[in-house]
């Protein structure tokens, strides 16, 4: 994943990051498809994350940290993701690239 890597990854939202007495709603755990170790996941730090819900709302975030040793990453979203996003799919892409979706014609 060098500077020329323009690949778009997909991932699954596992849930919020949890402490012993605290739930961090701003920080979301994401399992990235095709990334299975800490070294590969650390290369994704700084990449952008996009989540789209069923109503067409887009939530954008950024990967800020690696969580554990099996390729799970922590992403921060603004605004925070709703709880219904758990189990949803996300797109992960390098910074400097903008993902654009064509609106469905009705």
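Couple of notes before you dig in:
- Relative contact order (%) - the chain, alpha-carbon pairs under 8 angstrom, separation at least six: 33
- Segment 54-106 has equivalent-ellipsoid semi-axes of 23, 15, 11 Å, by the square roots of 5 times the alpha carbon gyration tensor eigenvalues, sorted largest first.
- Expected 222 nm ellipticity per residue - DSSP helices of 4 or more, -39500 (n - 2.57), all of the chain, to 500: -1000 deg cm²/dmol
- In plain terms, the residue of 63, 97, 12 with the fewest other Cβ atoms within 10 Å comes first and the most crowded comes last, giving 97, 12, 63.
- Distribution of pairwise C-alpha distances over the chain, 5 Å bins, in %: 2, 12, 25, 25, 18, 11, 5, 2, 1, 0
- At an R0 of 30 angstrom, the distance between the Cβ atoms of residue 18 and residue 84 translates into a FRET efficiency of 0.95.
- Fewest-first ranking of 69, 42, 20, using other Cβ atoms within 10 Å as the exposure measure: 20, 69, 42
Every number in this text was worked out from the coordinates using simple rules, so none of it is lab data. All values derive from a computational prediction rather than experimental measurement. Positions of Cβ are generated from backbone atoms using ideal geometry, with glycine treated the same way; all protein chains shown enter the neighbour counts.
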